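Take a look at the structure below.
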Amino acid sequence: MGSMVGDVSVVLSKGLKQLKEEHHPLLAMLEELHRITIIMEESPDRTLFEKLTEHVKNFCRKLDPHSEREEGVLFRMMEQYLGKETGPIAIMEYEHDQAKNYFKTFLEAAERTEHLTEKEMTEYSGLIKNAYYTLTQHFSKEENVLFPMAENLLSNDEKQELYSKIQQI
């Protein structure tokens, strides 16, 4: 067997498994966002831009609690072992912030949809495409590297605490 990135053979505890499983519906929503951005690039349309805006709002409503479970609980627990300023946790938080900024900038622009030109709508749709690429790669890093790492780092008590705390968010 060749070398693999991350250890996919690790069996994840309940909390980590939940975080991983939350990625599936988010990825499906991201695929739909990406599909709309591609159409927007080819033929910008105000109605489609408004549809994209609604999809982005729905996606953010689903993403926000997931991000909070990771940032507020998992990352805080892992940084006791890995530190906060550099390394995997710093990278993961940076990518969360990057994606959130793409969505925030897009949604701020979308508040004035009726004043946007087709060119501007296409440019702002590009932010969602950037968020798509950022998050699909980010989820892959979490699933293949970060979650298995957490499984190996955290004690059984910490894994139980992780599960309990993420149920409250």
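What to note about this one:
- Verdict on Glu68 being exposed (fewer than 15 other Cβ atoms within 10 Å of the Cβ) and acidic (Asp, Glu): yes
- Of all residues in segment 1-25, those satisfying the criterion of being modelled with pLDDT of 95 or more and either in contact with a Phe, Trp or Tyr (Cβ under 8 Å, 6 or more places away or on another chain) or of a type in the set (A, V, I, L, M, F, W, C) (or both) are Leu12, Ser13, Lys14, Gly15, Leu16, Gln18, Leu19, Lys20, His23.
- Residue match in segment 70-80 (condition: in a helix (DSSP H, G or I), within 12 Å of the chain's Cα centre (by Cα) and more than 19 Å from Pro44 (Cα to Cα)): yes
- Complete set of residues in segment 98-126 that are acidic (Asp, Glu) and within 14 Å of Val56 (Cα to Cα): Glu108, Glu111
- Residue in segment 26-36 that is of a type in the set (A, V, I, L, M), surrounded by fewer than 14 Cβ atoms within 10 Å (Cβ to Cβ) and either in contact with a Phe, Trp or Tyr (Cβ under 7 Å, 6 or more places away or on another chain) or free of Cβ contacts under 8 Å to residues at least 24 places away in the same chain (or both) present: yes
- The residues of segment 42-65 that are loosely packed, with under 12 Cβ neighbours inside 10 Å and farther than 20 Å from His138 by Cα, listed by number, are Glu42, Ser43, Thr47, Glu54.
- Which listed residue, of Lys17, Lys51, Lys84, Lys62, is closer than 18 Å to Met149 by Cα and touching a helix residue (DSSP H, G or I) at 6+ places or on another chain (Cβ under 7 Å): Lys84
The values are calculated or read from the model by the stated rules, or taken from the named source; none is laboratory data. Predicted model only: the values in this text are computed from it and were never measured. Cβ sites come from the backbone with ideal geometry, for glycine too, and all protein chains shown count toward neighbours.
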